[in-house]
Amino acid sequence: MSEPTTLDLKGEICPDPLIQVQDAMKKGGAGDCFVVLLVYPLAVENVARWAEAEGHAVDVAQKGSEWEIRIAMA
Amino acid sequence: MIKILALGLPVGLVLGYALQRGRFCMYTAFRDLLISRDATLFRAYILALIIQMAIIHGLDAAGFLTVRHFAFTWLAAIVGGSIFGVGITLAGGCSSGSWYRVGEGMVGSWVAVMGYGLGVAATFWGALRPAAGYLISFEAPYDMGSLQGLTGLPKWAVLAILIGGGGIWLARAPRPKVFTGWPWTKAGAAIGLIAALAWVSSAFIGRNYGLSFTGPTGSLVRYITTGQISAVGWGTWMIMGVPLGAFIAASWSGEFKWRAPAPDRMVKQLIGGIMMGFGAATAGGCNIGHSLTGIGALSATSLLATIFIILGSWLGTYLFFMRR
């Protein structure tokens with residue numbers, strides 16, 4: 001289990017959040033963890049939905065007006 | 001004026017509310033088909049489209065509404081739709097998407113909407129008018145402009161194919177999984193009912209039309225810059241309700257927040273907005289006027305414009321975001 005990689009995408013607007021998460025995860029492998037920080041609900045939806053559809057373990061937590069998505073690569 | 005306000009503004013308010021809760025952004029719906037093979041939001045769009053289609057053609061058959069297809073300005077639909085599609089990728093949202101984000105405190109969308117208004121006004125009445133006029137001059141005969149006219153099928157058969165086919169596709173969808181807002185089923189049903197409500201509300205003032213964003217954005221700019229009160233119509237009031245409704249939805253759910261992307265990103269949003277304005281004003285509609293209302297009215301030009309809006313949004317996403 002490696003240290004999680006944090007992607008702070010709070011200042012990004014669509015379509016950057018999803019594309020930057022996809023790009024970062026292309027370089028990762030099974031067992032790698034990512035923590036994605038977002039403020040935009042729709043970006044939370046499409047990042048989490050994509051990661052789940054890819055078969056990774058996804059956990060979404062809301063912290064005030066921010067969201068934290070934890071992705072463990074399968 | 002009071003009657004137009006009383007009919008238009010509430011439709012905009014509930015629409016803005018539903019767009020925000022449903023996260024109903026059609027740019028995202030189109031883009032996710034390409035970059036994450038995810039059709040969740042696209043399903044919401046198709047559901048809204050077929051619900052509206054069934055209701056308005058039912059009311060048309062009952063004599064309550066008059067649903068007419070648009071003129072078949074095919075070259076304007078292709079070129080305008082493509083430019084609009086590329087524009088929404090830079091603007092960070094389609095026209096309804098950008099308008100509702102105004103109410104969520106997304107400052108970049110304020111910039112995009114300003115650009116959109118400028119682009120629409122320049123195309124309707126200003127410097128870009130000759131270019132649009134040339135493209136619009138390519139018009140197929142009116143009778144060919146409906147999907148039934150184009151295919152030679154009876155209208156009821158076209159409706160049955162579209163509503164039945166769409167319904168079967170949606171019924172086979174996986175269970176909706178939601179992380180933040182409404183599931184696609186609720187979002188699509190709400191938007192479809194509001195789209196039909198727009199036709200009914202408009203019928204009371206003799207406006208045979210549904211939801212529309214491009215014309216009203218232009219009429220708002222026209223009123224603001226020239227003071228011409230006659231420019232303010234049902235759609236102008238409706239569109240002003242959208243950011244207000246979205247603001248109410250975002251505030252109640254604790255999602256309202258002032259936020260802005262980097263300065264260079266906002267300049268791109270301005271340019272994207274201007275492209276959206278020119279594209280939509282040339283094509284005769286945006287992702288709402290064509291993709292929801294126009295296809296709902298079985299307009300061939302709207303289907304063509306929508307196909308090129310989708311292709312344009314894929315091209316823009318690839319060129320500006322994926323290929324870096």
**OP:** For segment B:1-79, state which trypsin sites (Lys or Arg not before Pro) are in a DSSP loop and have at most 10 other beta carbons lying within 10 Å of their beta carbon.
**Re:** B:Arg37
Original post:
Per residue, how much space in cubic angstrom lies within the convex hull of the C-alpha atoms of segment B:179-324?
Top reply: 164 Å³
Original post:
Relative contact order for segment B:2-322 using alpha-carbon pairs under 8 Å, separation at least 6, rounded to a whole percent?
Top reply: 43 percent
**OP:** Return the single residue from B:Leu304, B:Leu170, B:Leu197 with maximal mean-square fluctuation; model: Gaussian network over chain B, springs between Cα atoms under 10 Å.
**Re:** B:Leu170
**OP:** For chain A, find the longest principal axis of its Cα atoms and tell me its angle to the long axis of helix A:41-53, 0 to 90°, nearest 10.
**Re:** 20 degrees
Original post:
Once amide H atoms are built 1.01 Å from N in the peptide plane, which residues 5 or more positions from A:Asp32, or in another chain, come under 5 Å H to H?
Top reply: A:Met73
**OP:** Name the shape class, rounded, prolate or oblate, that the alpha-carbon gyration tensor gives for segment B:256-299, where a ≥ b ≥ c are the square roots of its eigenvalues, rounded holds for a/c under 1.5, and otherwise prolate holds if a/b is larger than b/c and oblate otherwise.
**Re:** oblate
Original post:
Of all the accessible heavy-atom surface of segment B:2-322, with the other protein chains kept in place and a 1.4 Å probe, what percent is carbon and sulfur?
Top reply: 72 percent
Original post:
Just in chain A: which trypsin sites (Lys or Arg not before Pro) are loop by DSSP and have at most 11 other Cβ atoms within 10 Å?
Top reply: A:Lys27
**OP:** Determine ³J(HN,Hα), in whole Hz, for all residues of segment B:126-139 in sequence, where each value follows from phi through the Karplus function 6.51 cos²θ - 1.76 cosθ + 1.60 and θ = phi - 60°; x replaces Gly and Pro.
**Re:** x, 4, 8, 4, x, 5, 5, x, 4, 5, 6, 5, 8, 10
**OP:** For segment A:5-72, calculate the relative contact order in percent as a whole number, restricting contacts to Cα pairs under 8 Å that are 6 or more residues apart.
**Re:** 36 percent
**OP:** Report the accessible area of B:Met144, computed with a 1.4 Å probe over the heavy atoms of all protein chains in place, in Å² rounded to the nearest 10.
**Re:** 80 Å²
**OP:** Among B:Met240, B:Leu270, B:Gly218, flag the residue with its Cα farthest along the positive direction of the charge dipole of segment B:212-324, charges on Cβ as +1 for Lys/Arg and -1 for Asp/Glu.
**Re:** B:Leu270
**OP:** Pop out the ³J(HN,Hα) list for segment B:275-285 in order, Karplus 6.51 cos²θ - 1.76 cosθ + 1.60 with θ = phi - 60°, rounded to Hz; leave Gly and Pro as x.
**Re:** 4, 4, x, 5, x, 6, 5, 6, 6, x, x
**OP:** Calculate for chain B the 222 nm mean residue ellipticity that helices alone would give, adding -39,500 (n - 2.57) per DSSP H run of length 4 or more and normalising by residue count, nearest 500 deg cm²/dmol.
**Re:** -22500 deg cm²/dmol
Subject >> Average beta carbon contacts from partner chains per residue of A:42-52, 10 Å cutoff >> reply: 6
Original post:
Tell me, what is the percent relative contact order of segment B:1-82, built from C-alpha pairs under 8 Å that lie six or more residues apart?
Top reply: 14 percent
Original post:
So what are the ³J(HN,Hα) numbers for segment B:6-15, from phi and the Karplus equation (6.51, -1.76, 1.60; θ = phi - 60°), rounded to whole Hz, Gly and Pro as x?
Top reply: 5, 8, x, 4, x, 5, x, 4, 5, 5
Original post:
How far is the Cα center of segment B:108-159 from the Cα center of segment A:37-74, in Å?
Top reply: 38 Å
Original post:
Within 10 Å of each Cβ of B:26-32, how many other protein chain Cβ atoms are there on average?
Top reply: 3
Subject >> Heavy-atom accessible surface that A and B bury in contact, both chains counted, 1.4 Å, Å² to 100 >> reply: 2400 Å²
**OP:** Provide B:Val107, B:Val86, A:Val47 ordered by accessible surface of protein heavy atoms (probe 1.4 Å), highest first.
**Re:** B:Val107, B:Val86, A:Val47
**OP:** For chain A, find the longest principal axis of its Cα atoms and tell me its angle to the long axis of helix A:16-26, 0 to 90°, nearest 10.
**Re:** 10 degrees
**OP:** Return the Cα extents of the protein assembly as shown along principal axes one, two and three, sorted largest first, each rounded to a whole Å.
**Re:** 66, 47, 39
Original post:
With chain B treated as a Gaussian network of Cα nodes joined by springs under 10 Å, which of B:Ser251, B:Ser299, B:Ser219 yields the largest mean-square fluctuation?
Top reply: B:Ser251
Subject >> Cα gyration tensor shape of segment B:22-139, rounded if a/c is under 1.5, else prolate or oblate by comparing a/b with b/c >> reply: oblate
Original post:
In the Gaussian network model of chain B, springs joining C-alpha atoms below 10 Å, which of B:Gly296, B:Gly188, B:Gly167 carries the largest mean-square fluctuation?
Top reply: B:Gly167
Original post:
What shape does segment B:117-243 have by the C-alpha gyration tensor, where a ≥ b ≥ c are the square roots of the eigenvalues, rounded means a/c under 1.5, and otherwise prolate means a/b greater than b/c and oblate the rest?
Top reply: oblate
**OP:** May I ask you to rank B:Leu75, B:Leu49, B:Leu193 by accessible area, largest first, using a 1.4 Å probe over the protein chains only?
**Re:** B:Leu193, B:Leu75, B:Leu49
Subject >> Gyration tensor (Cα) of segment B:2-322, equivalent ellipsoid semi-axes in angstrom >> reply: 26, 23, 21
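The values are calculated or read from the model by the stated rules, or taken from the named source; none is laboratory data. As the structure is a prediction and not an experimental result, all values here were calculated from the model. Counting neighbours? That spans all protein chains shown, and the Cβs are built from the backbone with ideal geometry, glycine included. Side chains are part of the model used for accessible areas, which takes the heavy atoms of the whole protein and leaves out ligands, DNA and RNA. Shrake-Rupley method; radii C 1.70, N 1.55, O 1.52, S 1.80 Å.
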